[in-house]
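As C-alpha cells, the structure follows; a few thoughts come after it.
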Amino acid sequence: MTPDEPTMEHELAGWNPFKRKPPAAAKAPRQQAAPTAVVKPLVREAHRRAPESGTLPRFNTTASDQMSGRSADRFSAVRAKLRHAFTPSQPVADRRLFAGRDDVLKTIIRSIEDQRLHVVLYGERGIGKTSLLHILTQAATEARYIVVYTSCGANSNFDETFRAAAAEIPLLFHSGFSPTGSEAEKGASLADLLPNEPLTPRKFGDLSARLTGTRVLIILDEFDRAESSAFRRDVAEVIKNLSDRLGRVQLVLAGVAADLTELVEHIPSIRRNIFALRVPKMSESEVLEIVANGEREADLKFDSQASAFVVEVARGSPYIANLICHHAGHAALDAGRSTVTPADVASAVDRTIQEFQGRIATPAQQHVRRLFDQGRQDVLAMTSRASLSADGVFDAHDVETVNTISARKAQDAIEVLLSENLLKPMAGGESGARYAFVEEGLPTLIWMIWAQRNLNREATAPRAATAS
Ligand SMILES: Nc1ncnc2c1ncn2[C@@H]1O[C@H](COP(=O)(O)OP(=O)(O)OP(=O)(O)O)[C@@H](O)[C@H]1O
Ligand SMILES: [Mg+2]
C-alpha cells in the first residue's frame, strides 16, 4: 500500500467517537415520602412539570407493529425496519437475512440425504447454530420432511422429548395403518401408539422402523443444557437403534461445545452413525453479507469504511456483527443520517462495551482496564484475538499465527496473563498446553476495549460528514 492510499485510519481521522454529548438537564431528585407540610409545594411542582412529560421516552411502534403517529420523525420507518434487519438477540429465521453458510448447509444436507447420518452441530455461543437449524428446517420442510424442533432445557428427559416428537408424526405414515383408515383420518399420531410406561429408546426405534412414505428430522437444539446423563445416554442409544434398523427418523443435535466429545457422551458406540460439524467463524465476505442484507432490509447505507470496521470488530462472529450494525444504524438515525459512518460504528462499540460490562464480574473488568492503563494492551489484544478465533480454548501457536508474531512473543503474552490470573490452563492438546480466559465474555470485552481505544487514538483530523 502506498502512503497516499486511503486507509481506515485516514478515514477515521479527526473524529472523536468518545466525545460525550453535553450532560442532559439534571433530573429532579427522587421524591421520598414527605411530611404533610412539604407535600403541597411538591404537588404544585409536579403540576408545573406536567407539560414536559410529553418529552419522556415513548415507544415508537405499537404492539401490532404500527408506527405510533406522535413519535414519527423522518426516519421512523427506517428505525422500524432496522429492528428486523439486524437481530442481535434472536436467531435468524428469514432466508433474506441469513448470510453465508452455503458450504455448511450443503454439507449438512448431503450427510442427511445421501449418507442418512445423524448430525451433531457444535460451536461457541452465538456462532449461528440455531439460525442454521432454522434454515435447515425450511429446506427439509420444502423436501416434505417432517421436522420436529425442540430446544432442550436443564430438565429434558427422553420420555417427554420423544413423546412430543411422536405427536408430530401422523399415524398415516405408520405401515400398520391405512392412510384412509379411521385413526389416520381422525388426525391420530404415533404418540397414540406409545405405552403408558416411560418411553424407551428401543420402543421409539421400533415405531420409527415402521414408518413409510416420509422422513423425519428431530432437532434437539441446546443439547448441552440437558443435565441428565440418562437423557444423553438414551439419545445415543436411540441414534444407534435408528441407524441399525434403517429407520426413517434422523436426529440433529446442536449445542455449545469446544469439541464434540463434550457434547455427546457415549460417543464411541455411535461414532460411525453421526456426522459432526463444528460451525466455523464467519469469513470476511459472510460478515459483509450480514451488513449488505441489513442495508437492503432497512434502507440504510453503510459507507465502505464503516463496513470494513464492522468486519474488523466482529472477527467472524455473526452475533457481534448484528449487535454492532444494530447500534451503528441507530446512531446514524439519531444523528439525522441514513448513511452509517465509522463514527457510528465506534459509538456502537461504546454501547457494546456497556452491555458486555453487565455480563462480566466487576473485579475481572477492573483488572483488565488496569492492565490496559499500564500499557499491556498488546498482550491483551493478542491473546483475546487468539481466543476469539479458537472458540475460547487456544495455545501458544494460535497466538503466534493469529497475530503473526514470534513464538517467543506469543509465549510471553500467555505468561503475562497467566501470572495475572486472567488465563487458566485447560486440558492439553496435541501441540501442548492450552488456555482459556477465566471468564467466557472477557475476550470479547477486551477486543472491544482495544477497538475503542485504538480508534480513539487514530482519530487525529476532521472527517467530512456524509450526511444523506
Ligand atoms: N447466517 C447468519 N446470517 C445473519 N445473522 C446470523 C447468522 N447466523 C447467526 N446470526 C446472528 O448471530 C446471532 C447468534 O445466532 P444464533 O442464535 O443462531 O447462534 P447460536 O449459536 O444458536 O447461539 P447460542 O449458542 O447462544 O444458542 C443472532 O443475532 C443471529 O441473528
Ligand atoms: Mg442457539
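Here are some notes:
- Each other residue within a Cβ distance under 13 Å of Pro425 adds +1 if Lys or Arg and -1 if Asp or Glu, for a net charge of 0.
- Annotation for Asp159 and Ser406: the two label points, set 7 Å from Cα along the Cα-Cβ direction, are 6.5 nm apart.
- Stretchable slack from Ser229 to Arg202, in nm (0.36 nm times residue separation minus alpha-carbon distance): 8.0 nm
- Solvent-accessible area per residue in segment 294-351 equals 27 Å², computed with a 1.4 angstrom probe and all protein chains kept.
- To the nearest 10, the accessible area of Glu439 is 50 Å² with a 1.4 Å probe.
- Between Ser283 and Gln115, the FRET efficiency estimated from the beta carbon spacing at R0 = 30 angstrom works out to 0.70.
- On a per residue basis, segment 101-278 carries 46 Å² of accessible surface, using protein heavy atoms and a 1.4 Å probe.
- Whole-percent carbon and sulfur share, accessible surface of segment 170-259, 1.4 Å: 45 percent
- Dividing the Cα radius of gyration of segment 76-194 by its Kirkwood radius returns 1.06 for Rg/Rh.
- Charged side chains reduced to their Cβ positions (Lys and Arg at +1, Asp and Glu at -1) give segment 362-440 a dipole of some 200 debye around its Cα centre.
- By average C-beta atoms within 10 angstrom, highest first, the peptides 159-167, 186-194, 402-410: 159-167, 186-194, 402-410
- With a simple spin-label model that places each label point 7 Å from the Cα along the Cα-to-Cβ direction, the separation between Ile360 and Thr55 comes to 3.6 nm.
- Sites Lys106 and Arg210, calculated FRET efficiency, Cβ-Cβ separation with R0 22 Å, nearest 0.05: 0.10
- Placing a label point 7 Å from the Cα of Lys424 along the Cα-to-Cβ direction, the residues of segment 373-398 whose backbone N falls under 18 Å from that point are 384, 387-388, 391-395.
- Packing-based ranking, highest mean first, of 170-177, 311-318 given that Cβ atoms within 10 Å are counted: 311-318, 170-177
- With N counted as the residues of segment 101-278, its alpha-carbon radius of gyration over 2.2 N^0.38 Å works out to 0.99.
- Pair-distance profile P(r), taking every C-alpha pair of segment 283-357, with 10 angstrom steps and integer %: 23, 59, 18, 0
- A simple charge model with +1 on the Cβ of Lys and Arg, -1 on the Cβ of Asp and Glu and nothing else charged puts the dipole of segment 283-357 at about 80 debye relative to its Cα centre.
- Accessible surface for His84 stands near 110 Å², nearest 10, in the context of the full protein assembly shown (1.4 Å probe).
- Percent of Cα pairs exceeding the 16 Å cut-off, where the set is segment 362-440: 44 percent
The values are calculated or read from the model by the stated rules, or taken from the named source; none is laboratory data. In this text, all values refer to a predicted model and were calculated from it rather than measured experimentally. Cβ: placed from backbone, ideal geometry, glycine included. Neighbour counts: every protein chain shown. Areas reflect the complete protein model, heavy atoms only, side chains present, ligands, DNA and RNA absent. Shrake-Rupley method; radii C 1.70, N 1.55, O 1.52, S 1.80 Å.
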